[in-house]
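The values are calculated or read from the model by the stated rules, or taken from the named source; none is laboratory data. Everything numeric in this text was worked out from a predicted model, so none of it was measured. All Cβ positions, glycine included, derive from the backbone under ideal geometry; neighbour counts span all protein chains shown. Areas reflect the complete protein model, heavy atoms only, side chains present, ligands, DNA and RNA absent. Shrake-Rupley method; radii C 1.70, N 1.55, O 1.52, S 1.80 Å.
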Amino acid sequence: MEKASRIVNAAVLGKDFKTVFINGNAYVIQPLTINKIAGLGFYLSDLQEGNTILDMLRSLKDMDMASCALSWAIRGDESLSNELSQGTFDEVVEALEVAFSMISTENFCKLSVLAKNVALLTANPRS
């Protein structure tokens with residue numbers, strides 16, 4: 001209960017963010033919205049399986065894809081991708097791991113089930 005209380009209070013106070021450093025610059029990652037998660041998913045669709053999220057992210061081996069995905073996590077578009085690609089691959093991948101750590105798996109799973117149900121309802125109209 002203490003952890004949940006801390007999360008809620010941090011959200012109310014605007015302290016639910018993480019700071020990452022790429023190429024000596026600080027970037028703030030706010031809690032990810034559905035739009036940001038979709039942008040991340042678009043650029044990370046080629047991930048290979050791994051034991052951890054970090055292992056999966058390191059399987060990218062493509063700085064352009066990783067920096068675009070991180071730009072989506074930070075800004076919600078690709079506008080920072082060129083700037084982020086000036087950092088090292090490890091910096092970008094570790095920052096992506098931080099972004100993923102902000103997604104509650106329980107809530108994400110519930111959301112994906114709801115999205116699937118909505119898609120099924122819209123795809124199969126009842127007469």
Of the accessible area of region 26-82, computed with a 1.4 Å probe and all protein chains kept, carbon and sulfur make up a percent value of 51 percent
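What is the packing order of peptides 19-27, 94-102, taking the mean over residues of other C-beta atoms within 10 Å and listing the highest first?
94-102, 19-27
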